[in-house]
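For reference, the structure is listed below as structure tokens.
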Amino acid sequence: MVSAPRSAIVPHAILIAGLVIVLFPIFVAFVAASHTLPEILNAPMSLVPGPHFLSNTIEALYAGTVKTSGTPVARMLFNSAVMALAIAIGKIAISLPSAYAVVFFRFPLRRTCFWAIFVTLMLPVEVRIMPTYRIAADLSLINSYAGLTLPLIASATATLLFRQFFLTIPDELVEAAKIDGAGPWRFLVDTVVPLSKTNIAALFVILFIYGWNQYLWPLLVTDTPAMTTIVIGMRQMIGNGDAETEWQLIMATAILAILPPTAVVVLMQRWFVKGLVEAEK
Amino acid sequence: MRSTMLAAVMAAVFMAMAGPTEAQPIELQWWHAMTAVNGDRINQIAADFNKSQSEYKVVPVFKGSYAETMTAAIAAYRAGHAPAIVQIYDVGTATMMAAKGAIKPVYQLMADAGETFDPNSYLPAVTGYYSTSDGKLLSLPFNSSTAVVYWNKDDFKKAGLDPNKPPKTWPETFALAKKLRAGGVKCGFTTAWVFWTQIANFSAWHNISMGTLDNGIGGPGAVLEMNNPRVVRHVANLAKAEKDGSFSYAGRSTEPESSFLNGDCGMIQDSSAAYGLFKKGLKSQFGVTELPYYPDVKGAPQNSIIGGASLWVMGGKSAAEYKGVAKFFTYLSSIPVQVKWHEDTGYLPITKAAYAATKASGFYDKNPGTEVALLQLTHKPPTANSRGYRFGNMVQISDIIAEDLESAFAGKESAKAAMDDAIRRGNALLRQFQANTQ
Amino acid sequence: MERRVVFAGWLCPAVLLVPQMAVTIVFFFWPAAQAFNESLRRGDAFGLTTHFAGVANFAALFASPNYLASFWITAVFSASVAVLALAPGLLLAVMADRVVRGAALYKTVLLIPYAIAPAIAGVLWMFLFNPSIGVLAALLRWLGIDWNYFLDAPQAIMLVILAAAWKQVSYNFLFFLAGLQAIPPSLVEASAIDGASPRRRFWTIVFPLLTPTTFFLLVVNIVYAFFDTFGVIHNVTQGGPGQSTEILVYKVWYDGIVGLDLGGSSAQSVILMAIVIALTAIQFRFIERRVHYA
């Protein structure tokens, strides 16, 4: 490093300011989750955490809030977890083979297939929600985990990231495999998948978060409280209704909603950072 | 580890894909937008009905906000997956009505099913809103309320005002709001549901037309006229009060309630159904009174109008399902169910008998203020201006009007310019609705 | 960019492509085609009576001052979010690149907002700035600022920009840091020996080397602001006050789902798709070029 240690005060000061900005909204949510509703409504709320964090969290977890008609947040967490895992695993499972096909073969319509996948990259579900819903209904996917996940598995992010990575696999490896008499299947299983481990781990993180954070689609495709995911649950808790807004439970739910994806990002940070940066570069 | 996780997911997916299994009684889905106490009551009503007989099973499903519930029902209808019963908010009435074939009118449903059904047993102030111009009931009123004024007695005391003397007129309201501010209360008054309280109920209460063809009840060719001098003057007064801080706008729907709940605002104009919320959440004493009026407007006060939602029956179901729905509606209209609904939720009863029974039980004496809504609704026999309103695309129109009111309150536009703009955009939507549904 | 050495045959790739293509066709192209078809029709919400309307829906959109205003709002919003998410991301990355002690902790914490759903980020910020109960709203009022984003359009816009940008800083930080760490130290050292100040070194040597990263992030941030911020708007302002925060994707949703105007909403979908495809094409060309010269 060029910089001498004495100049490290400024960077630390700026970084600490960054941490404060990042953590402050989460801290306030935590504090609100530790107070009672009257304490929150009696603005401005005290920033010293109160004693009710555990009881509020437990109430949200097992009883839900009035505005969600008592769907417990624990159930929402389960639904979100199933949805996020199914999306992450499903996307990897369909996009790795398709990227492999596009990169390691020459066949008619290859470019067309690639572009067909590619243009879906950023077509958000919001702009095609009504027709997609009708199709989901035609296929009897309403109120099922399949309905929650299948339409979201169809996106190009993972295919593109795998493609970028596959393009960097040295030709020598392919030639060596061919000389050894290995066919495309063997090469895929024995060489490409093991080499892609970091990318798979990184993608898992990205897609898990993508899945966890969905809400417009789940809102439409499920119509029973038992299928509510946590992000929709949050929306219902603050949405217009005829009951009071229970901020202490909403903030407890927010903390619960943030925890799993944050844990995934933090615990898998090493692969995530490496994979994300390398793949998208 | 990884494989067990995967197995768990796969198991969950397959379990979900297997779907629901056999059900003996005919299942009737009831989609609604009610939460909290109201949601609990809905579940209880359905459970009680299901226990009372074995042929039908009503399944209440919470679908989110009113807008989300309506959209979901329409999307479901288009996908051939509609529920039997859906709760639709007042502003969606014209859209549902225009959808001939997609809905089953209640009067027809009851006749087909051979259920005894006497339209005269219902409260006209409530059913009028959901009937054709010749009085045929299209949807069953379910949760109805009207706009009233709540005032915080402790705030009044704090500002040195008589806590038992709420304002009667608008000039008094503005004057009291100023005094509240001067006496150290953060805001004089606020209003929830700004379009519904300040335009729709304001117009009915002053017997002013909101649009031609009897506020649109007469047909889809109606033209909005909410830019009339009386409404404009009122909006200008509100904007003036917003500027000096005696009125404090805090959002289009229920957001302002938190400013009343924490004692910041001395008065709020809100739905009569918010009573329970304030009773539970407000630490101070509070009272309920009728909406204020301008004494110089001839005929005011007239009567206020309802808001809320009604139950629509979707089209394309079997005769057996309709029979079940009709039976359920009869059950829903019965006196004990109605009385309990009214007393627990603060929504209005829909039958005259339920109103009388509640009164006889002494409920209104024990809970002062709870009858204000009914008295206000039945203040005078409704006129063409005060029966209700029914405009197509009303969801957007009410948002447009709220948007323009926001511009006027923020001082960005004059009251006149704001209302002219609202009417121009609103009429364009009306014409679009007319073209699309013909 | 293409591989030189490939496998032969078409059956094998076809089998590998089937799942992805099936899902893409069923859940993307079919609905997109329906949206396109719908955009040329008009009808009631229930689809009971619809008729072909040609380009009437598109004509109505471009004649509507509100739709054009929505374009402008989207542009201001996206540009602000991009700048407000990029600049702190770069600053923090440069600083994190300089420190040794605590670097891992800084990196970990700065990554957290990436994990938070835009909708939830919106709720957190709304709670801070809620005029009646927000902690920061109280602070602003104490400072003499009349804070009421329900009525004050610039305040509402600032709030949604802040919430949307906050979440995205993580992502930018990560990429800038990676970009910085890829710069050979010898380059910077040489210029240090020449006596250039750290600030000068940054602007003359480091920043130009980061241009590809910056450009890539700019596109990503704009796309993020265009679409992923729906949840922020939906939870914080619902497009208000007036229509001051009604960005394009919110309007598509509102006109279609709340307004039940399928034709108009579908026409907006088609316009948005065109924008997305254009953005994607730009980005694609760019990615391809970078891979070549990397």
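Residues that are touching an Asp or Glu at 6+ places or on another chain (Cβ under 7 Å) and of a type outside the set (Phe, Trp, Tyr) number at least 2 in the following strands (runs of 3 or more DSSP E) confined to segment B:239-328: B:265-271, B:306-314. Would you be able to say whether some residue in segment A:115-132 is polar (S, T, N, Q) and within 19 Å of A:Leu216 (Cβ to Cβ)? For segment A:115-132, residues polar (S, T, N, Q) and within 19 Å of A:Leu216 (Cβ to Cβ): present. Take the conditions more than 30 Å from B:Ser131 (Cβ to Cβ), surrounded by 18 or more Cβ atoms within 10 Å (Cβ to Cβ) and not aromatic (Phe, Trp, Tyr) and apply them to B:Ile268. Does it pass? So B:Ile268 passes the test.
Candidates in segment C:128-148 are the residues that are within 7 Å of chain A (Cβ to nearest Cβ) and assigned to a helix (DSSP H, G or I); of these, the one that is farthest from A:Phe30 (Cα to Cα) is C:Ala138. Within segment C:101-117, the set of residues being within 7 Å of chain A (Cβ to nearest Cβ) and either assigned to a helix (DSSP H, G or I) or within 30 Å of C:Phe202 (Cα to Cα) (or both) comprises C:Tyr106, C:Thr108, C:Val109, C:Leu110, C:Leu111, C:Ile112, C:Pro113, C:Tyr114, C:Ala115.
Test B:Pro167 against the stated conditions and say whether it is closer than 24 Å to B:Phe202 by Cα and not hydrophobic (A, V, I, L, M, F, W, C).
Against the criterion (closer than 24 Å to B:Phe202 by Cα and not hydrophobic (A, V, I, L, M, F, W, C)), B:Pro167 qualifies.
Scanning segment A:142-167 for residues that are at pLDDT below 85 and of a type in the set (Val, Ile, Thr), we see that the one that is farthest from the chain's Cα centre (by Cα) is A:Ile142. On the given criteria, is B:Ser54 more than 30 Å from B:Glu257 (Cβ to Cβ), touching a residue at least 24 places away in the same chain (Cβ under 8 Å) and either within 14 Å of chain A (Cβ to nearest Cβ) or not in a strand (DSSP E or B) (or both)? It is true that B:Ser54 is more than 30 Å from B:Glu257 (Cβ to Cβ), touching a residue at least 24 places away in the same chain (Cβ under 8 Å) and either within 14 Å of chain A (Cβ to nearest Cβ) or not in a strand (DSSP E or B) (or both). Tell me, yes or no, whether segment A:232-245 has at least one residue that is facing chain B (nearest Cβ under 10 Å), more than 21 Å from A:Arg75 (Cβ to Cβ), surrounded by fewer than 24 Cβ atoms within 10 Å (Cβ to Cβ) and not β-branched (Val, Ile, Thr). Checked against the condition, which is being facing chain B (nearest Cβ under 10 Å), more than 21 Å from A:Arg75 (Cβ to Cβ), surrounded by fewer than 24 Cβ atoms within 10 Å (Cβ to Cβ) and not β-branched (Val, Ile, Thr), segment A:232-245 yields at least one hit. Entry remark, segment A:201-231: residues being more than 11 Å from chain C (Cβ to nearest Cβ) and either surrounded by fewer than 21 Cβ atoms within 10 Å (Cβ to Cβ) or not aliphatic (A, V, I, L, M) (or both) number 9 in total.
From the list C:Leu86, C:Leu91, the one residue that fits, being facing another protein chain (nearest Cβ under 10 Å) and among the hydrophobic types (A, V, I, L, M, F, W, C), is C:Leu91.
Condition first: within 14 Å of chain C (Cβ to nearest Cβ) and under 24 Å from B:Met226 (Cα atoms). Can you find one or more residues in segment B:368-388 that meet it?
no
C:Leu11 meets the conditions (1) loosely packed, with under 15 Cβ neighbours inside 10 Å; (2) over 21 Å from B:Gly392 (Cα atoms); (3) under 30 Å from the mean Cα position of the chain (by Cα) in every case but one. The failed one is (3). Kindly establish whether C:Phe215 is surrounded by 18 or more Cβ atoms within 10 Å (Cβ to Cβ) and assigned to a helix (DSSP H, G or I). For C:Phe215, the condition - surrounded by 18 or more Cβ atoms within 10 Å (Cβ to Cβ) and assigned to a helix (DSSP H, G or I) - is not met. Within segment B:155-174, not a single residue is assigned to a loop (DSSP other than H, G, I, E, B) and buried (at least 24 other Cβ atoms within 10 Å of the Cβ). Only one of the numbered conditions (1) surrounded by 23 or more Cβ atoms within 10 Å (Cβ to Cβ); (2) farther than 27 Å from A:Pro72 by Cα; (3) not basic (Lys, Arg) is violated by B:Ala76, and that is (2). Applying the criterion of being among the aliphatic types (A, V, I, L, M) and at pLDDT 85 or above to the residues of segment C:218-244, the residue that is surrounded by the fewest Cβ atoms within 10 Å (Cβ to Cβ) is C:Leu218.
Checking the structure you have, find out if any residue of segment B:348-361 is of a type in the set (Phe, Trp, Tyr), in contact (Cβ under 8 Å) with a residue 24 or more places away in the chain and assigned to a loop (DSSP other than H, G, I, E, B). Taking every residue of segment B:348-361 in turn, none turns out to be of a type in the set (Phe, Trp, Tyr), in contact (Cβ under 8 Å) with a residue 24 or more places away in the chain and assigned to a loop (DSSP other than H, G, I, E, B). For segment C:58-91, a residue qualifies if it is closer than 19 Å to C:Leu272 by Cβ and among the β-branched types (Val, Ile, Thr), and the qualifying residues are C:Ile73, C:Thr74, C:Val76, C:Val81.
The values are calculated or read from the model by the stated rules, or taken from the named source; none is laboratory data. What you are looking at is a predicted structure, and each value in this text was computed from that prediction instead of being measured. Cβ sites come from the backbone with ideal geometry, for glycine too, and all protein chains shown count toward neighbours.
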